[in-house]
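Beneath this line is the structure, given in structure tokens, with notes to follow.
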Amino acid sequence: MALYKFIAAAPGEKPREILIEADSAKESLDKLRRRGLVPVQSFGEVSEKRGGGFSLRRRKIDVFDFTRQLSPLLNAYIPLERALSIIAEGAAEEDQKEFVTSMRQGLHEGKKFSELVRSHGSLFPSYYANLIESGEETGCLPEVVNELHKFMGESKELKDFIVSSAVYPVSILVIVLGVTVLLFTVFVPKFAKIFHDMGRDLPGAMNALVGFGDFAKWAWWMIPLGLYLAWVVCKHIYGEAEMKRKVSAFMIKLPLLGGILVDLEMCKYLRTLAILIANHVEIIRTVRIAGRIISNPVVSEEFDGIDRKLKSGEKLSAAFTGNRYIPAGTVPMLRVGEESGTVGEMLGNIAGNLEADTRLRIKRLLSLFEPAVIVFLAAIVLVVVVSIFVAMMEINSISQGGPKL
């Protein structure tokens, strides 16, 4: 779906800005009229990413904390405007307070909560506005916000787990790189100086190490520059969208890592389906919203035809059959959920199990990374030590042969 911007007014009210999500301009106008609004001016299709540029100010706004505070207030039947007022009063950061106050002001101007979320561009996750809009349309906004809080909490917990688990392997990698630089820029050149002082040529292996070290000293900047230029050229040849697709296709084909990346996408997709279906959102709209959650274009393509299959009369389990990215066992469990009328709950269980499995696979991958880095360091040290040993043997043979001359 695309996002369409209008200036519209209800009878007897002032015109205001309206954002409508639809598959076409005609559908956006139909949705606008169903709300009882008269279009005054149309701006056509706009990008949801506006306002998503770099800004130090936005980094101080915590959307998860905002959702965490909003959820219990709405569940306590406090009106949305009053809930935002309470959150603004308790905000410790001035930026957070201004952000919540601006949301509250938007409600005073007659804007919907979902429209205000979209107006903040990339500050909110891509799925946030769609889920909020579904809650507004079904009258289940407190339940949707509560599910959003849980979803964002689980996503944050997974990110924190990855970061904390990666601290030790990354520390080892930094040490390895530091030791490698020290060997090639300090130790090897000093040892090579001994040969130069003796007027002797370096052995082949030692000469190669010195040459590599000298090259790295003045040409290290060429590596990132070369990668950047290669990226720019490829984007120019293939286009940004196609280049992103090729990189995504390469990433998901990597052993171990590729499977984890696909599972992370499926966790988001299945969890979004579970939230929407549990809140009685129409199934075709549900799969369209969930499909936009998938950030990998290669994986996303596999789900493009799901809505058409549902329109033709297929059930969700049948539409997923043959999809290579759907986790094994999902279709039979989903079929049971359809028979028992618990599709949303079943999808939630599937997503939960997949998240637990993915967490375990990430932990195992990071555990394999540690010894791999150590082996890499050992290999470098071995090459340097063997080269130095050969050179020392040559020095020893020279010193022993000297007195006989």
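Show me 319-325, 69-75 ranked by packing, highest mean number of other Cβ atoms within 10 Å first. Don't skip to the answer; put the middle values down first.
Details: 319-325: 15.4, 69-75: 18.4.
Final packing ranking: 69-75, 319-325.
Within a Cβ distance under 14 Å of VAL336, other residues only, what is the Lys/Arg minus Asp/Glu net charge? Each step should come with its number before you reach the end.
On the way: positive: LYS315, ARG335; negative: GLU338, GLU339, GLU345.
Every neighbour counted, the sum reads -1.
Before anything else, pin down the relative contact order of the stretch 57-124: Cα pairs under 8 Å, at least 6 apart, normalised by residue count, whole percent. Mind showing how you got there, number by number?
Numbers: 45 pairs, mean separation 20.7, N = 68.
Computed value for the stretch 57-124: 30 percent relative contact order.
What FRET efficiency would be calculated for the residue pair MET393, VAL167, taking the C-beta separation as r and a Förster radius of 41 Å, to the nearest 0.05? Kindly include the intermediate steps, with their values, before the conclusion.
Working: r = 42 Å, r/R0 = 1.03.
Efficiency for this residue pair is about 0.45.
Quote the FRET efficiency, to the nearest 0.05, computed for GLU109 versus VAL386 with a Förster distance R0 of 45 Å and r equal to the Cβ-Cβ distance.
0.05
Using +1 at the C-beta of Lys and Arg and -1 at the C-beta of Asp and Glu, which of ASN130, VAL63, VAL179 has the Cα lying farthest in the positive direction of the dipole of the chain?
Positive-most Cα among the choices belongs to VAL179.
Using a 7 Å offset from the Cα along the Cα-to-Cβ direction at both GLU157 and SER42, what is the distance between the two label points in nm, to one decimal?
Result for the modelled spin labels: 4.6 nm.
Order of LEU254, LEU158, LEU276 from fewest to most other C-beta atoms within 10 Å? The partial results should precede the final answer.
Details: LEU254 11, LEU158 16, LEU276 27.
Lowest count first: LEU254, LEU158, LEU276.
So which DSSP H runs in the chain come out at 27 Å plus along the axis (Cα) with average Kyte-Doolittle of at least 0.0? Walk me through the intermediate numbers first.
Working: long enough: 141-182 (59 Å, 0.91); 257-278 (32 Å, 1.38); 343-401 (86 Å, 1.16).
Qualifying helices, which must be both long enough and hydrophobic enough, are 141-182, 257-278, 343-401.
Pairs LYS97/LYS159; LYS159/LYS309; LYS112/LYS235; LYS26/LYS253; LYS268/LYS311; LYS235/LYS309: which are spaced more than 30 Å apart, C-alpha to C-alpha?
Details: LYS97/LYS159 26 Å; LYS159/LYS309 34 Å; LYS112/LYS235 39 Å; LYS26/LYS253 40 Å; LYS268/LYS311 23 Å; LYS235/LYS309 34 Å.
Violating the 30 Å Cα-Cα cut-off are LYS159/LYS309; LYS112/LYS235; LYS26/LYS253; LYS235/LYS309.
Determine the dipole magnitude for the chain: charges of +1 sit on the beta-carbon of Lys and Arg, -1 on that of Asp and Glu, nothing else is charged, the reference point is the Cα centre, and the result goes in debye to the nearest 20.
It comes to approximately 660 debye.
For n ≥ 4 DSSP H runs only, could you compute -39500 (n - 2.57) per run for the chain, divide by its residues and tell me the 222 nm figure to the nearest 500? Let's see the in-between values first.
Details: 18 runs with 283 residues, N = 405.
One gets -23000 deg cm²/dmol as the mean residue ellipticity at 222 nm.
Placing unit charges on C-beta atoms (Lys and Arg positive, Asp and Glu negative, everything else neutral), compute the dipole magnitude of the stretch 343-386 about its Cα centre in debye, rounded to 20. Kindly include the intermediate steps, with their values, before the conclusion.
On the way: 4 positive and 4 negative charges, 30 e Å.
In total the dipole reaches around 140 debye.
Coordinate-derived values only; no laboratory data. All values derive from a computational prediction rather than experimental measurement. Every residue, glycine as well, gets a Cβ built from its backbone with ideal geometry; the counts of neighbours run over all protein chains shown.
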